[in-house]
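The values are calculated or read from the model by the stated rules, or taken from the named source; none is laboratory data. Not measured: the values here are computed from a predicted model. Here the Cβ is made from the backbone with ideal geometry for all residues, glycine too, and neighbour counts use every protein chain on show. Side chains are part of the model used for accessible areas, which takes the heavy atoms of the whole protein and leaves out ligands, DNA and RNA. Shrake-Rupley method; radii C 1.70, N 1.55, O 1.52, S 1.80 Å.
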Amino acid sequence: MLRRFEALLDPTAGVPAPPPNAGLVRFYWFYIRQVTGLTAALFVFGGLIAILDTMIPAFIGRVVSLVSSQSPDTLFRDHGSALLGMGGVLLIARPLAFVAHNILVNQIVNPGLSNMIRWQNHWHVVRQSWTFFQNDFAGRIANRVLQTGPALRESLVLAFDAAWYILVYGSSALVLLGRLDWRLMLPMVFWFLIYSAMLGFFVPRLRDRSRRVSEMRSTLTGRVVDSYTNILTVKLFARAADEDQFVRDAIDDHTAAFRDQTRMTTAYTSTLVLMNATLIVSMAAVALWQWSVGRIAIGAVATAIPLAWQLNNIAGWVARSVTSIFENIGTVQDGMRSIDVPRQMPDPPDAAELVVTGGEIRVENLHFDYGRVRDTTGIQYPAVLHGIDLTIAPGERVGLIGPSGAGKSTLVNLLLHFYDPAAGRILIDGQDIAGVTQESLRRHIAMVTQDTSLLHRSIRENIRYGQPQATDAHILAAARQAQAHEFILGLEDWHGRTGYDAHVGERGVKLSGGQRQRVALARVILKDAPILILDEATSALDSEVEAAIQEQLDTLMEGRTVIAIAHRLSTIARMDRLIVLDAGRIVETGSHTELLRKDGVYARLWRRQSGAFAGVGNTVLPVTPA
């Protein structure tokens, strides 16, 4: 039966829209409006429970009045229906209201709404630009995405319940006491006035401190994840003590913020305890005084004191709820710093799908300077590319060469549309890549990077990432072509999974650099894209494996437009054309033989490398043309 209720909210249904980027209230409303029916039901049942709870002291007072004024033989005869009605409320109506509220909260709202918010947050954040992730801790972003959902849901549920109990119970109690004697209302009226003033003082301070605690918690999470993600570097440089300090500083900041919050919470709850004690004593004193002078009956005393006592308990619960509400609001506000932000580099509204017919790449007067991209310290980067003009014919194999910082990787990143150029444009088969969807662009480009990163999944899943519809036969063929099949068969992970089912660890840490590069190459082979980018694609391979894989690379490059980057010039000297970059400009272009004859930048780089490899000074090693 409960599954029927759980099916009312599918957390991952539909295509989410981005959050409104318009403040806290609209951020809440962005999610609430998607579940308005559930929100209304939550509101109604919260109010119903508050009303039913308010009846309990009235019932107690009524029973005491009847017992004190009726004889045993007339009590049930004259008032049996009233007693039966009160029993029905307590035995049937109140439990049913609580069960309905629990089903609503536990079966629908808690799992469904929380994960709906998580899913939509992730959907939005994962489509942010590459720069967005470069400028923050991955752990902090993930923490914000995952924690915002439960925090928003919890603050919403608690706010509804707390508001109903204060409004319904408080107003109902005043009405009941006023009907008995107006003097009984005075202690509660004064209590509400002081309670309102107390909330006005403490709530803004609790909100600010809660937000600070959440920020510090996200920073702490980011630092811990950063240390664990880079644990090899920590071990290699024997810097565990420095990482201790890095994390200790974050823990100390979080502790200080947490203590600042709990000091305010202690002051808040202590004030409330004193107020509640004063309410009970003053209510009892007024009730007994009015009874002693004959203005009210004993039943009124039995109603007034339980009302004050129940308000005491409710106020304590509301105090804890308010603390929790603002802790959760602080978490939501912190999460909004990563979630409720405009998407960087979105596709244009009229973006079309890229259609590749030949694979021609044309770069026209391209300038790029990172001028609109600042790192986390606010440093503005200098210009990187200056007026690049370049045409790569369909099926042409081009090598990019130049010293570090010349702009090779930046040019490739612009081709992948990870950044917008400051001026100029890039066209593929005559289509400006700024006017096509980024996903369609990257579907037509396959890339093997120097810093190969694998997903913490099986070998099979990592290779299939290049083509989700690929069969196992296609996966094995790609692995064989990448010279990876043999070592894959010998793998076994810590759960006993072997071969293509073995998991590779976070970022592929269970594999060697060369093994990771071959798996990544198999993934690219499977993708079968018309444009191929090789960024130091064989840098992690030993000479024997590189020689074995070179023939497969030649086969892979056939019929494709290829851009290859390599500092090891012998690996790209066989390209159709070499482009030499220096200080963000094209300084030379031509084949390997033509550039050696020019005796320019390329020739100097070649002599330096070939001499270092061969140990014979400026000896030029022969290269067989492709």
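In whole Å, what is the distance between the alpha-carbon centres of the range 323-342 and the range 139-218?
17 Å
Can you pull the percent of the range 404-517's accessible area that's carbon plus sulfur, 1.4 Å probe, other chains left in place?
Values: 2470 of 5220 Å².
Accessible surface attributable to carbon and sulfur in the range 404-517 totals 47 percent.
Suppose R0 equals 56 Å; then what is the FRET efficiency for Thr589 and Leu8 from their Cβ-Cβ distance, rounded to the nearest 0.05? Numbers along the way, then the final one.
Details: r = 64 Å, r/R0 = 1.14.
Plugging the Cβ-Cβ distance into 1/(1 + (r/R0)^6) gives 0.30.
Need one number: % antiparallel among DSSP beta bridges in the chain, to the nearest 5.
55 percent
Rounded to the nearest 500, what is the 222 nm mean residue ellipticity of the chain from helices alone, with -39500 (n - 2.57) per DSSP H run of 4+ residues and division by all residues?
Working: 22 runs with 361 residues, N = 626.
About -19000 deg cm²/dmol.
Give the accessible area for Phe45 in Å² (nearest 10); use a 1.4 Å probe, count only protein heavy atoms, and leave out ligands, DNA and RNA.
60 Å²
Using the Cβ atoms and a cut-off under 15 Å, what net charge is assigned to the surroundings of Ile60, where Lys and Arg are +1 and Asp and Glu are -1?
On the way: positive: Arg62, Arg94; negative: Asp53.
Computed value for this residue: +1.
Return the sequence-ordered ³J(HN,Hα) values of the range 469-474 in whole Hz as given by the Karplus equation 6.51 cos²θ - 1.76 cosθ + 1.60 applied to θ = phi - 60°, using x for Gly and Pro.
8, 5, 7, 4, 4, 5
Quick check: at a probe of 1.4 Å, how many percent of the accessible area of the range 14-123 sits on carbon and sulfur atoms?
Details: 3850 of 5570 Å².
In the range 14-123, the share of accessible area belonging to carbon and sulfur is 69 percent.
Would you mind telling me the share, in percent, of accessible area of the range 151-223 contributed by carbon and sulfur at probe 1.4 angstrom?
Values: 2120 of 3200 Å².
The nonpolar share, carbon plus sulfur, comes to 66 percent.
If you stretched the chain out fully between Asn135 and Thr498, how much longer would it get, using 0.36 nm times the residue separation minus the C-alpha to C-alpha distance? It would help to have the intermediate numbers written out before the result.
Values: separation 363, 0.36 × 363 = 130.68 nm, distance 3.74 nm.
Length gained between Asn135 and Thr498: 126.9 nm.
What net charge is computed for the residues neighbouring Thr221, neighbours being all others with C-beta under 10 Å from the C-beta of Thr221, Lys and Arg scored +1, Asp and Glu -1?
On the way: positive: Arg140, Arg144, Arg217, Arg223; negative: Asp226.
Around Thr221, the charge tally is +3.
Return one whole number: the accessible area per residue of the chain in Å², for a 1.4 Å probe. Numbers along the way, then the final one.
Working: 30580 Å² over 626 residues.
So the chain comes to 49 Å² accessible per residue, rounded to a whole number.
Do you know the relative contact order of the chain, to the nearest whole percent, from alpha carbon pairs under 8 angstrom that are 6+ apart?
Numbers: 904 pairs, mean separation 84.2, N = 626.
13 percent.
Quick one: which of Lys235/Lys527; Lys408/Lys527; Lys235/Lys510 span more than 27 angstrom between C-alpha atoms? Present the calculation step by step, with values, prior to reporting the outcome.
On the way: Lys235/Lys527 36 Å; Lys408/Lys527 23 Å; Lys235/Lys510 16 Å.
Listed pairs above 27 Å: Lys235/Lys527.
Just to confirm a number: summing +1 for Lys and Arg and -1 for Asp and Glu over residues other than Arg585 whose beta-carbon lies under 13 angstrom from that of Arg585, what do you get?
On the way: positive: Lys408; negative: Asp389, Asp582, Glu588.
Once positives and negatives cancel, what remains is -2.
How many nm separate the modelled label positions at Thr357 and Arg320, each set 7 Å beyond the Cα in the direction of the Cβ?
A separation of 7.1 nm, rounded to one decimal place.
Grab the beta carbon distance between Arg568 and Leu489, set R0 = 30 Å, and tell me the FRET efficiency rounded to 0.05. Mind showing how you got there, number by number?
Numbers: r = 29 Å, r/R0 = 0.97.
Once the sixth-power term is evaluated, E becomes 0.55.
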